[in-house]
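None of the figures in this text is laboratory data; all of them are computed from the coordinates on show. Keep in mind that this is a model prediction, so the values were computed, not measured. Cβ atoms come from the backbone with ideal geometry, glycine included; neighbour counts cover every protein chain shown.
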Amino acid sequence: MKLYDLEHHFYIQDTIDAMERRQGYPNYDPQKDVINWFSNLSMPQGILLKRLIDVGENRLQMMDDLGISTAVLSTPQGVEDLDSEDAIELSKKTNDAAYELTKRYPGRFLGSAILPTKRVDDAIAELERCVNELGFVCWHTHSNLRGASVEQDRFLPLFKKAAELGVYVYLHPNLPELPQLYEYGFTFAGPGAGFTIDTILTTLKLIAEGVFDKVPDLKMVIGHFGEAIPFLMDRIDNRFNFLPNPKLKNEQLPSYYFHNNIMVTTSGNMSKAAFECTRSVFGIDRIMFGSDYAFEDPKEMVEFVNRLEITEEEREKLFFRNAETLLAK
Ligand code: GRE
Ligand code: ZN
């Protein structure tokens, strides 16, 4: 069976070097081998960083062993946070590196663009280059851009451009800019809770800003079975409806956008209950495979999906048919 992995990460060494030189956050401390996401929020790297940087034969071997036919490459947090000029240079280098891989291993990798979002014009130009010249399929953004958030008006032209070029937007978690979450350390502020909270907030803010009404063709993907949104969907609809507010610019109920614009991946969520809730609320046609490599073990993710009590037709949708439909747009 074919298998598309929609959340499959890599770093280039230049990004880590730039993060080593940088005064702000996130930065890399080579002595301690940690990424400092913020003061007192450090994440040990070790084998993780080595795996992220290694995108050659070893990566291919792993994909072959697990039956992953095609992976959409994305670079995690860091590049967008650099100063403008550095962000432009490093975005281009990262995107060029992904492009090289798509050429070296035809059909095995697809590119998603990291963009220098500090200046929207530069970001638009780079997205055009990535799609028109490099054949990329996606703009990979983060749930906040440290000091900015993508639902803000000034990013609307970028969403319009993505829709115009026929590529989807992957909204990947970032550390929330909510210092009240920081006192329990990185695990809590980041992947343990904060990432999900930030991605839910940004997704709902994009809906509330009417971004999907202004750009009806926009396709967006979020990971982790839609964060906690499937579980909350009915209540969100119900309360938006009960207490309309002029600041909520969405023309449809929030759930509408999860049936028309937004899809989800499995990335790093191996809960059967979460899968069943997601399928029940969004439908199997909206769920795709994502491994979240190297932050998660893709073998466990594949095995989890293989264990799900679903029909073979449903498994095919999850492993590749839904991704092919998304990529065909
Ligand atoms: C992830 O994508 O799941 C992730 C990161 C960075 C740190 C931890 C983590 O992107 O789980
Ligand atoms: Zn991820």
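With charges set only on the Cβ (+1 for Lys and Arg, -1 for Asp and Glu), what does the dipole of the range 193-279 come to about its Cα centre, in debye to the nearest 20? Please list the in-between numbers first.
Numbers: 9 positive and 9 negative charges, 15 e Å.
The dipole magnitude comes to about 80 debye.
So what are the three principal axis dimensions of the range 1-83 from its Cα atoms, in whole Å, longest to shortest?
Cα spread of the range 1-83 along its principal axes, largest to smallest: 46, 24, 21 Å.
Going by how many other Cβ atoms sit within 10 Å of their own, how do SER42, SER267 line up, fewest first?
SER42, SER267
Report D for the range 47-138 in µm² per second (integer): Stokes-Einstein, Kirkwood Rh on Cα pairs, 20 °C, 1.002 mPa s.
Working: Rh = 13.8 Å.
Result for D is 156 µm²/s.
If packing is taken as the average number of other Cβ atoms within 10 Å across a peptide's residues, how do 140-146, 111-117, 233-239, 54-60 rank, most packed first? If you can, show how the numbers build up before the last one.
Working: 140-146: 23.7, 111-117: 26.4, 233-239: 13.4, 54-60: 15.4.
Sorting 140-146, 111-117, 233-239, 54-60 by mean packing, highest first, produces 111-117, 140-146, 54-60, 233-239.
Can you return the lysines within cross-link range of LYS214? Criterion is Cα-Cα under 24 Å, with same-chain partners fewer than 8 residues away left out.
LYS118, LYS160, LYS161, LYS205, LYS247, LYS249, LYS329
Please give the net charge around MET270, taking every other residue with its beta carbon less than 14 angstrom from that of MET270, where Lys and Arg add +1 and Asp and Glu add -1. List each step's numbers first, then the result.
On the way: positive: LYS272, LYS299, ARG307; negative: GLU7, GLU276, ASP292, GLU296, ASP297, GLU300, GLU303.
Net charge around MET270: -4.
Convex hull volume of the Cα atoms in the range 1-158, per residue, in Å³?
Working: hull volume 18.9 nm³, N = 158.
Here the figure is 119 Å³ per residue.
List, largest first, the extents of the alpha carbons of the range 145-207 along their principal axes, each in whole Å.
42, 19, 17
State, to one decimal in nm², a quarter of the convex hull surface area for the C-alpha atoms of the range 96-241, i.e. the direction-averaged projected area. Walk me through the intermediate numbers first.
Values: hull surface 40.1 nm².
Over all viewing directions, the range 96-241 projects a mean Cα-hull area of 10.0 nm².
Along each principal axis of its Cα atoms, how long is the range 121-166 end to end? Whole angstroms, biggest number first, please.
30, 17, 15
Which value results when the Cα radius of gyration for the chain is divided by 2.2 N^0.38 Å? Before the final figure, lay out the partial values.
Values: Rg = 18.7 Å, N = 329, 2.2 N^0.38 = 19.9 Å.
My calculation over the Cα atoms of the chain gives 0.94.
What are the semi-axes of the equivalent ellipsoid for the range 205-299, taken as the square roots of 5 times the Cα gyration tensor eigenvalues, largest first, in whole Å?
Calculated on Cα positions only, the semi-axes equal 26, 15, 11 Å.
What's the Kirkwood radius of the range 174-223 in Å, using all Cα pairs? Mind showing how you got there, number by number?
On the way: mean 1/r = 0.0835 Å⁻¹.
After inverting the mean inverse Cα-Cα distance, the result is 12.0 Å.
In the chain, with Lys and Arg counted as +1 and Asp and Glu as -1 at Cβ, which of these residues, VAL55, THR199, HIS8, has the Cα nearest the positive end of the dipole, that is, farthest along it?
The residue sitting farthest along the positive end of the dipole is THR199.
If we restrict to alpha carbons, what Rg and Dmax does the range 270-323 come to, in Å?
My reading of the Cα-based Rg and Dmax gives 10.7, 29 Å.
Distance from the Cα centre of the range 292-329 to that of the range 3-46, in angstrom?
Taking the Cα centre of the range 3-46 as reference, the centre of the range 292-329 is 28 Å away.
If Lys and Arg each add +1 and Asp and Glu each add -1, what is the summed charge of the other residues whose beta carbon sits under 15 Å from the beta carbon of GLN45?
Numbers: positive: LYS32, LYS50, ARG51; negative: ASP17, GLU20, ASP29, ASP33, ASP54.
Once positives and negatives cancel, what remains is -2.
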